[in-house]
Amino acid sequence: MNPSLTAVLNRARAAVTACTSNTAPTAPATDSATTSRPTTPAAPTVRVSVLAAAPAAPSRPACEPVTALRDGLPLTVGAVRLHDALHRLARDVLHERGHRAVPDSVTFHLPVALIAGWLEYTERHVYRLADELQAHGLIQSGGHAQKVGGRALWDGTLWAVRLRSGAAPARIRADEWRHMWRPAFLADYRTKCGAKWLMSQLLAMQVGPEGIYDRVLRCAVDPGSVSQPVASSPDMSGEPAPAREILYTLPSLADAHPDARNMLITRNARALAFTLRDMGSVAFYAGLMHRAVTAEYRGLNTLNALQNAIQRVLVDVQEWPDLKRPGALLVTRLREAGVYDVLTAV
């Protein structure tokens, strides 16, 4: 080969090789519209906390209507009223204890004095009506005893109230008879803070029927609360107390603290004088009650005799609008009972 031609080819090959090694790779062309568009930031993530659903409150079991339980039974008006009251108590005690189903019957502990004061009955009348209900299997009741200082003393009454019409007659179980319903009864007995003391407070403070029921229900749920005093203080001013307070506070005067007794006697005397239209004889009526308490300590049963005489006169005042001297009629009633001389002795 011609040397000059070879030299030319070598120079050309060297030039091509140098151009290839010095040339940088070119980036691919981009769209101008794409490069000029602003970048949109990513949307923030929002976390929402959902509260967990609260657990549903336990539903209260629905009891049968009280009328269905005594359907077709020949009950007196008073027995029906007592049954309504006991059924209401049993139903509310059931709910307070948290039962999820309605049992055949509910048993609770409650002194008769509280039921009598709430219904404005005497204790003897409540016992008689309770016997009527028990004969039909609607309830069972009985006095509950507890040992105090080696002696068995009555601390209240047990009530079993039937709640289902198809159930067996109400019965108090053996373990319920043995149960100590009022553990602090010894202290209550020594301080004379019992059911009559509590009802005297409620009546003296003019607590309304629903307020009395609330306290009665509390004692049925917690029998130990019988000895707890009423929170508010009595108002001695204003109108005289209702005449019904006279009847339901008289039996408890002998057991009341002297200070409370004096207050109750003053209120009772004013109420009696107002009802008998004899406001000038408040001191006379207060003296009758003071001496009745003194004679009661001697075992003469004067408080019961005074209560019966006042009860008869109050009925006479309602049924005999033309009665001129109801106070004189009260004196006559006391003479007939043979206690007037005792109550007027100096």
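Results for (1) assigned to a helix (DSSP H, G or I); (2) at pLDDT 85 or above, shown as yes or no for each residue.
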{"site": "Y285", "(1), (2)": "yes, yes"}
{"site": "L288", "(1), (2)": "yes, yes"}
{"site": "L300", "(1), (2)": "no, yes"}
{"site": "N304", "(1), (2)": "yes, yes"}
{"site": "Q307", "(1), (2)": "yes, yes"}
{"site": "Q311", "(1), (2)": "yes, yes"}
{"site": "V317", "(1), (2)": "yes, no"}
{"site": "R335", "(1), (2)": "yes, yes"}
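Kindly list, by first and then second residue, each pair from a residue in region 73-88 that is touching a residue at least 60 places away in the same chain (Cβ under 8 Å) and in the same structural domain as R162 (by TED's automatic domain parsing) to a residue that is among the acidic types (D, E) and part of a helix (DSSP H, G or I), limited to pairs with Cβ atoms under 9 Å and residues at least 6 apart or on different chains.
Cβ pairs passing all conditions: L75/E132.
Within region 319-328, can you find the residues that are modelled with pLDDT of 85 or more, in a helix (DSSP H, G or I) and farther than 17 Å from I246 by Cα?
Within region 319-328, just A328 meets the criteria.
Within region 171-179, does at least one residue satisfy the condition of being β-branched (V, I, T), over 24 Å from Y121 (Cα atoms), modelled with pLDDT of 90 or more and surrounded by fewer than 20 Cβ atoms within 10 Å (Cβ to Cβ)? Even if it seems obvious, please write down each step before you answer.
Just the residues of region 171-179 that are β-branched (V, I, T), to begin with: 172.
If we keep only those that are over 24 Å from Y121 (Cα atoms) too, we end up with 172.
Keeping just the survivors that are modelled with pLDDT of 90 or more gives 172.
Among the residues that remain, those that are also surrounded by fewer than 20 Cβ atoms within 10 Å (Cβ to Cβ) are: 172.
Taking every residue of region 171-179 in turn, at least one turns out to be β-branched (V, I, T), over 24 Å from Y121 (Cα atoms), modelled with pLDDT of 90 or more and surrounded by fewer than 20 Cβ atoms within 10 Å (Cβ to Cβ).
Is it true that Y248 is crowded, with 19+ Cβ neighbours inside 10 Å, at pLDDT 85 or above and of a type in the set (F, W, Y)?
No; evaluated as a whole, the condition is false for this residue.
Could you grab the pairs with beta carbons closer than 7 Å, sequence gap of 6+ or different chains, first residue in region 117-130 and closer than 18 Å to L203 by Cα and in contact (Cβ under 8 Å) with a residue 40 or more places away in the chain, second one part of a helix (DSSP H, G or I) and of a type in the set (F, W, Y)?
Sorted first by the residue in region 117-130, then by its partner, the pairs are G117/Y248; W118/Y213.
Restricting to region 180-210, count the residues that are surrounded by 14 or more Cβ atoms within 10 Å (Cβ to Cβ) and either in a loop (DSSP other than H, G, I, E, B) or not polar (S, T, N, Q) (or both). Break it down stepwise before answering.
The first filter runs over region 180-210 and keeps only residues surrounded by 14 or more Cβ atoms within 10 Å (Cβ to Cβ), leaving 181-182, 185-186, 188-189, 192-207.
Next, only the ones that are either in a loop (DSSP other than H, G, I, E, B) or not polar (S, T, N, Q) (or both) stay: 181-182, 185-186, 188-189, 192-199, 202-207.
Total satisfying the criteria: 20.
If you take just the helices (runs of 4 or more DSSP H) that sit entirely in region 51-156, which of them hold at least 3 residues that are surrounded by 20 or more Cβ atoms within 10 Å (Cβ to Cβ) and among the hydrophobic types (A, V, I, L, M, F, W, C)?
Where helices (runs of 4 or more DSSP H) fall fully within region 51-156 and carry at least 3 residues being surrounded by 20 or more Cβ atoms within 10 Å (Cβ to Cβ) and among the hydrophobic types (A, V, I, L, M, F, W, C), they are 77-96, 112-119, 123-135.
Output the residues belonging to region 177-216 that are more than 17 Å from R267 (Cβ to Cβ) and within 18 Å of the chain's Cα centre (by Cα).
Once the filter is applied, which keeps residues that are more than 17 Å from R267 (Cβ to Cβ) and within 18 Å of the chain's Cα centre (by Cα), region 177-216 yields W181, R182, G194, A195, P209, E210, G211, Y213, D214, R215, V216.
Just to be sure before I move on: is S165 among the polar types (S, T, N, Q), more than 17 Å from V226 (Cα to Cα) and in contact with a strand residue (DSSP E or B) (Cβ under 6 Å, 6 or more places away or on another chain) in the structure I sent?
Working: among the polar types (S, T, N, Q): yes; more than 17 Å from V226 (Cα to Cα): yes; in contact with a strand residue (DSSP E or B) (Cβ under 6 Å, 6 or more places away or on another chain): no.
It is false that S165 is among the polar types (S, T, N, Q), more than 17 Å from V226 (Cα to Cα) and in contact with a strand residue (DSSP E or B) (Cβ under 6 Å, 6 or more places away or on another chain).
The values are calculated or read from the model by the stated rules, or taken from the named source; none is laboratory data. It should be emphasised that the depicted structure is a prediction, and the values quoted were computed from it without experimental measurement. Because the Cβ atoms are built from the backbone with ideal geometry, glycine has one as well, and the counts that use them run over all protein chains shown.
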